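Written out below as C-alpha cells is the structure these notes cover.
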Amino acid sequence: SKGVPIVEDGSIVGVRGSFQDVTAEKRREDDIRQFKQAVEAAGHAIFITQRNGTIEYVNPAFEAVTGYDAEEAVGRDPSILKSGQMDQEYYRNLWSTVLDGEVWSEPIVNRRKSGEHYHASETIAPITTDDGAIQGFVAIQTDITDRVHARERLETFREMVNRLDDPIMLQNRDGTFEVVNDAVAEYAGLSRSELIGDDEFAFMDDPAARTIREHKDRVLELERSISYEVTPTFPTKGERSFATTRYPHYDEEGAVDGSVAICRDITEQSEREHQL
C-alpha cells in the first residue's frame, strides 16, 4: 500500500492512496527463499552457470568438495575442475546434450583446488525461460570417490580370492551362497552363478552337508570363528577331506548376517597320516 496526505490551506484534510496485490510476487519470493535454503543445506555440490558456462553461483558443499571458495569460482568456468582424465569427446557430448535442452547425467573425474582428483556423479540440466530459451545450467555433483575406491579395492580382493586354490565362500544366515570363488565352483562341478542362492546340499553328500550346516549355525550362535574338519563326497572329485575355519560376517549395522569359510584340502595329508 502507498499513501500521501491531501493538504488544503496548510492542513491535512485526507489521504490519497493505492493498494497493489503482490500475493503472487510474495509467494515467488518465499519459493526462492526456500529453494535457496535447500540448496545451501544440500550435501551435494551445486553450481549454476550462464549459457556460456560462466559460474554465477556455488553452494557451500561445492566449496567443501572442490576446495574453491565462492569468490574464487564465481566468474570463472567449470574448466577449473578439469582433471585431464576425461577426453574431449566426453565434453563434446556433454555440451551437445545440454544445449539441446536435455539433461546430462554421467560419472566424471574432476580435480580439487589442491590438485587431488575426485570421482563424482554429475547431473547437468538446462535452465529455461518461459518461452523455452536456455539461459543457463544447473549442475549437481555427488562425491563418490570413497565408493569408487572401495569398489576398486573390492575388485582387487575379489580377484585375489578367485585366484586362490583354497575354496572360499560367503553364506547368508540361511546358508545360501552369496559369494564363492573359482575353487568352490571347481569342487562343486558347477559354475559360480549356478551356486549363488544355493547351498552345500546341491553338490555334496547329505551327511557332510548337514555337518557343515551345524557348524554354520554354531558360528551364528556364538558369533566367533570355529575350526573343524569335514570329509564330503563330490560328484566329480569323489571323497575329499577339508580343514575349515569359519568366521562370522557382519553387516553395516554390526549385526551378524552370515558366515565366511576358508577351506584347505588336506586329503593327501590325511592319507599320509593314515598310512603312518
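So which residues in region 49-62 are in a helix (DSSP H, G or I) and over 21 Å from GLU106 (Cα atoms), if there are any at all? Full working, then the answer.
Of region 49-62, the ones in a helix (DSSP H, G or I) are 60-62.
Within region 49-62, just PRO60 meets the criteria.
Go through the residues of region 73-80 one by one and say whether even a single one is closer than 18 Å to ILE108 by Cβ, loosely packed, with under 12 Cβ neighbours inside 10 Å and either free of Cβ contacts under 8 Å to residues at least 24 places away in the same chain or of a type in the set (Gly, Ala, Ser) (or both). Let's see the steps before the verdict.
Our first condition is that a residue be closer than 18 Å to ILE108 by Cβ; within region 73-80, this holds for 73, 76-80.
Keeping just the survivors that are loosely packed, with under 12 Cβ neighbours inside 10 Å gives 79.
Remaining after also requiring either free of Cβ contacts under 8 Å to residues at least 24 places away in the same chain or of a type in the set (Gly, Ala, Ser) (or both): 79.
Taking every residue of region 73-80 in turn, at least one turns out to be closer than 18 Å to ILE108 by Cβ, loosely packed, with under 12 Cβ neighbours inside 10 Å and either free of Cβ contacts under 8 Å to residues at least 24 places away in the same chain or of a type in the set (Gly, Ala, Ser) (or both).
Would you say ALA45 is over 23 Å from ALA150 (Cα atoms) and of a type outside the set (Phe, Trp, Tyr)? Break it down stepwise before answering.
Details: over 23 Å from ALA150 (Cα atoms): no; of a type outside the set (Phe, Trp, Tyr): yes.
Considered against the rule, which asks whether it is over 23 Å from ALA150 (Cα atoms) and of a type outside the set (Phe, Trp, Tyr), ALA45 comes out as no.
Output the residues belonging to region 41-55 that are open to solvent by less than 100 Å² (accessible area, probe 1.4 Å) and at pLDDT 80 or above. Talk me through it step by step, then tell me what you get.
Of region 41-55, the ones open to solvent by less than 100 Å² (accessible area, probe 1.4 Å) are 41-50, 53-55.
Correct list: GLY43, HIS44, ALA45, ILE46, PHE47, ILE48, THR49, GLN50, GLY53, THR54, ILE55.
Determine, yes or no, whether ASP31 is out of contact with any helix residue (DSSP H, G or I) (no Cβ under 9 Å at 6 or more places or on another chain) and either more than 23 Å from ILE134 (Cα to Cα) or part of a strand (DSSP E or B) (or both).
Details: out of contact with any helix residue (DSSP H, G or I) (no Cβ under 9 Å at 6 or more places or on another chain): yes; either more than 23 Å from ILE134 (Cα to Cα) or part of a strand (DSSP E or B) (or both): no.
It is false that ASP31 is out of contact with any helix residue (DSSP H, G or I) (no Cβ under 9 Å at 6 or more places or on another chain) and either more than 23 Å from ILE134 (Cα to Cα) or part of a strand (DSSP E or B) (or both).
Residues that are touching a Cys at 6+ places or on another chain (Cβ under 8 Å): list the strands (runs of 3 or more DSSP E) wholly contained in region 76-193 that include at least 1 such residues.
Working: elements: 104-111, 117-128, 134-143, 168-172, 177-180.
Output list reads 168-172.
Can you go through GLU229, GLU152 and tell me which one is open to solvent by 40 Å² or more (accessible area, probe 1.4 Å), in contact (Cβ under 8 Å) with a residue 12 or more places away in the chain and not polar (S, T, N, Q)?
Numbers: GLU152 fails: in contact (Cβ under 8 Å) with a residue 12 or more places away in the chain.
Answer to the selection: GLU229.
Scan (1) of a type outside the set (Phe, Trp, Tyr); (2) farther than 15 Å from GLN141 by Cα; (3) at pLDDT 95 or above for the single condition ARG111 breaks and write down its number.
Single failed check for ARG111: (2).
Scanning region 87-120 for residues that are within 19 Å of GLY67 (Cβ to Cβ) and free of Cβ contacts under 8 Å to residues at least 40 places away in the same chain, which turns out surrounded by the fewest Cβ atoms within 10 Å (Cβ to Cβ)?
Taking region 87-120 as the starting set, the residues that turn out to be within 19 Å of GLY67 (Cβ to Cβ) are 108-120.
Add one more test, that the residue is free of Cβ contacts under 8 Å to residues at least 40 places away in the same chain, and what stays is 108-109, 111, 115-117, 119.
On the way: ILE108: 21, VAL109: 17, ARG111: 17, GLY115: 8, GLU116: 11, HIS117: 13, HIS119: 21.
Among those that are within 19 Å of GLY67 (Cβ to Cβ) and free of Cβ contacts under 8 Å to residues at least 40 places away in the same chain, it is GLY115.
Tell me, please, whether a residue that is within 27 Å of the chain's Cα centre (by Cα), open to solvent by 70 Å² or more (accessible area, probe 1.4 Å) and not aromatic (Phe, Trp, Tyr) can be found in region 25-34. Talk me through it step by step, then tell me what you get.
Within region 25-34, the first condition is being within 27 Å of the chain's Cα centre (by Cα), and the residues that meet it are none.
No, region 25-34 contains no residue that is within 27 Å of the chain's Cα centre (by Cα), open to solvent by 70 Å² or more (accessible area, probe 1.4 Å) and not aromatic (Phe, Trp, Tyr).
The values are calculated or read from the model by the stated rules, or taken from the named source; none is laboratory data. All values reported here derive from a predicted model rather than from experimental measurement. Counting neighbours? That spans all protein chains shown, and the Cβs are built from the backbone with ideal geometry, glycine included. Accessible surface areas use protein heavy atoms only, side chains included; no ligands, DNA or RNA. Shrake-Rupley method; radii C 1.70, N 1.55, O 1.52, S 1.80 Å.
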